[in-house]
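Step one of this worksheet: look at the structure below.
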Amino acid sequence: MPELTVVVPAYNESEGLRDFHARLAAVLDGMNVESAVLYVDDGSRDDTYAVMCALREADARVSTLKLARNFGKELALTAGLDHVETGAAVVIDADLQDPPELIPTFVQHWREGYDVIYGTRASRAGETGLKKATSAGFYRVMERLSSTPIPRDTGDFRLLSRRALDALSQVRERQRFMKGLFTWVGYRQLPVVYHRDPRHAGQTKWNYWKLWNFAIDGITSFSGAPLKLATYIGLATALLAFVAALWVFGKALLFGDPVRGYPSLMVVVLFLGGMQLMALGVIGEYLGRLYVEAKQRPLYLVDEYHPPQG
Ligand code: UDP
Ligand code: MG
């Protein structure tokens, strides 16, 4: 019965997975904890799963979980965490961007009684300036909008105690913004600052369009603020319209000005049309998510699960 399971979601990571495991195993060997490693294959199209199986053959701590197709990192993580039946769990990326060497520090704080110990990035090597800037912007926006304060510059790399895991397993929403959910459970949380390394091998699975959608997922699952936006924009526009109406009528009554209307009319009509479509779009974002939720499909499907050989 492991006290600590390291959950590793991987999608097309065959290139670097062996090196990852070597580094992780070295760290686990040096620790005084009964540990296990769970690799989750998120429908990879390369031979990631074969590598995982080979690792399981060679190391009695390793178990493998193969999902039926690519469900995305958030669901791969969920599937992995659902399969941690005893003890605590550590979540880590397979690309060595999160240093496994930090795990002993996590464990030390866990022993001190913390429930969620998360890595906060002091720096991110090997990321473009644009990625860092957009990411920083996102965390700042989230900070203002979210009902749950989501820590800055924090990824999924963290340790979750048993009760945090149990709490998390009760959250079955389909649109899973894991960083937010990890924080949502509360209990005793502690940041640990670290320097994020560049990717060890292979390619990132994110592009800007995916990141943009991820950001919208995050905002819509933790904040209703965009819905209120329409109310306030509407109010402001109505106020402005009232002032403009006074001005136009006043001018017409006092000076008898014939109003030359076409350009201003066009501007007003287009402005209002745009505003209305935007507000509809915001409602649509929430409604679409409600629709997915209402369908009650399973979160993920498992193809194969192999517990450790030990
Ligand atoms: N990942 C996954 N499913 C996906 C995309 C990514 O399990 O659909 C895994 C990936 O293999 C890696 C982690 O999630 O272990 C982080 O992905 P990546 O390094 O591409 O993200 P980045 O570090 O660039 O944000
Ligand atoms: Mg990465």
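The values are calculated or read from the model by the stated rules, or taken from the named source; none is laboratory data. Since the model is a prediction, treat every value here as computed from it, not as a measurement. Reconstructed Cβ throughout: ideal geometry from the backbone, glycine too, with neighbour counts over all protein chains shown.
Residue selection: Asn32 fails the criterion of being within 24 Å of the chain's Cα centre (by Cα) and either within 16 Å of ligand 2 (Cβ to nearest atom) or not basic (Lys, Arg) (or both). With respect to the conditions (1) among the aliphatic types (A, V, I, L, M); (2) in contact with a Ser or Thr (Cβ under 7 Å, 6 or more places away or on another chain); (3) under 30 Å from Asn207 (Cα atoms); (4) part of a loop (DSSP other than H, G, I, E, B), Leu17 falls short on a single one, namely (4). Pick out the one residue from Arg56, Arg61 that is of a type outside the set (A, V, I, L, M, F, W, C) and in contact with a helix residue (DSSP H, G or I) (Cβ under 8 Å, 6 or more places away or on another chain). The conditions single out Arg61.
Looking only at region 120-164, which residues are at pLDDT 85 or above, within 14 Å of Val90 (Cα to Cα) and assigned to a strand (DSSP E or B)? Residues satisfying the conditions are Asp156, Phe157, Arg158, Leu159, Leu160. You will find that of Ile117, Ile219, the residue that is among the β-branched types (Val, Ile, Thr) and in a strand (DSSP E or B) is Ile117 and no other.
Entry remark, region 165-196: residues being over 15 Å from the mean Cα position of the chain (by Cα), away from ligand 2 (no atom under 16 Å from the Cβ), outside any loop (DSSP other than H, G, I, E, B) and among the hydroxyl-bearing types (Ser, Thr, Tyr) number 1 in total. Filtered by the rule that a residue be over 17 Å from the mean Cα position of the chain (by Cα) and within 14 Å of ligand 1 (Cβ to nearest atom), region 197-226 gives Asp197, Pro198, Arg199, His200, Ala201, Gly202, Gln203.
Taken over region 97-115, the criterion of being more than 16 Å from ligand 1 (Cβ to nearest atom) and of a type outside the set (S, T, N, Q) is satisfied by Glu101, Pro104, Phe106, Val107, His109, Trp110, Arg111, Glu112, Gly113, Tyr114, Asp115. Scanning region 58-96 for residues that are on the phi > 0 side of the Ramachandran plot and in contact (Cβ under 8 Å) with a residue 60 or more places away in the chain, which turns out farthest from ligand 1 (Cβ to nearest atom)? Checking each candidate, the answer is Gly87. Taken together, Arg260, Arg297 contain a single residue that is part of a loop (DSSP other than H, G, I, E, B), of a type in the set (D, E, K, R) and at pLDDT below 90, which is Arg260.
Residues that are at pLDDT 90 or above, small (Gly, Ala, Ser) and surrounded by 14 or more Cβ atoms within 10 Å (Cβ to Cβ) do not occur anywhere in region 109-118.
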